[in-house]
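What follows is a single structure, written as structure tokens, with notes after it.
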Amino acid sequence: MQDANASAQAMGKRVMERLDALALCSEVEGALTRRFLTPAHRRAMDMVAQWMREAGMSVRVDPIANVIGRIEGRVPDAPALLLGSHIDTVAEAGKYDGNLGVVGAIEAVAALGQGEPLNHALEVIAFGDEEGVRFPSHLLSSRALVGAVTPAMLDVL
């Protein structure tokens, strides 16, 4: 039981350290503002991709700048279970909104990767444009993931 508690404490500490690190990827010193496709957003994308790799996932960035980490399951070509959230923020955001869903999902996949593989693949997605702060395009990245983006929607970028 002590090993499980120590492991849970280490995971919690790692999650909080990563949330603190992501909060430094900001356009504004002393506050968290990370708009889609800014240099701060790119730094956050790179950081998240590195953590995904460390968790044993293959990583890709799709055409709309979603960072997607994947760990394969036992059954080839089985549908993937999707986890995650967004890494863009509103102006002067809190460090947990969106980021916790991404960092927590990476940590969960890392823990699951130490045991027997699941039947299906797992994907962690760090969506890029959910808040719609920089462009009039909120939820663009999750819409793209499900094929609900029209060419006209991309004219705002």
Exercise for review: Using only the alpha-carbon atoms of region 83-131, report the extent along each of the three principal axes, biggest first, to the nearest angstrom.
Suggested key: 42, 16, 8
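Roughly what % of DSSP beta bridges within the chain run antiparallel, to the nearest 5?
60 percent
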Study note, to complete from the structure: With only helices counted (DSSP H, runs n ≥ 4, each -39500 (n - 2.57)), the per-residue ellipticity at 222 nm for the chain, to the nearest 500, works out to -12500 deg cm²/dmol
**Study point:** For the chain, accessible area per residue (1.4 Å probe, heavy atoms of protein chains only), Å²
**Key:** 53 Å²
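Could you give the dipole magnitude of the chain about its Cα centre, charging the beta-carbon of Lys and Arg +1 and that of Asp and Glu -1, in debye to the nearest 20?
It works out to roughly 140 debye.
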Check your understanding: In terms of the ratio Rg/(2.2 N^0.38 Å) built on C-alpha atoms, what value belongs to the chain?
Key -> 1.07
Exercise for review: Classify region 103-148 as rounded, prolate or oblate, taking a ≥ b ≥ c as the square roots of the eigenvalues of its Cα gyration tensor: rounded when a/c is under 1.5, otherwise prolate if a/b is larger than b/c and oblate if not.
Suggested key: oblate
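All other residues with a Cβ under 13 Å from the Cβ of LEU139 taken together, and with Lys, Arg as +1 and Asp, Glu as -1, what is their net charge?
Cβ neighbours under 13 Å give a net charge of -3.
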Revision key, fill the gap. Computed curve, region 76-157, Cα-only Debye sum without solvent term, log₁₀ I(q)/I(0) at 0.13 Å⁻¹, is -0.51
Exercise for review: In nm, give the distance between the simple-model label positions of THR38 and ALA6, each being 7 Å from the Cα along the Cα-to-Cβ direction.
Suggested key: 4.2 nm
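The values are calculated or read from the model by the stated rules, or taken from the named source; none is laboratory data. Predicted, not measured: the structure shown is a model, and the values here were computed from it. Note that each Cβ is placed from the backbone with ideal geometry, even for glycine, and that neighbours are counted across all protein chains shown. Just the protein is used for accessible areas: all its heavy atoms, side chains included, with ligands, DNA and RNA removed. Shrake-Rupley method; radii C 1.70, N 1.55, O 1.52, S 1.80 Å.
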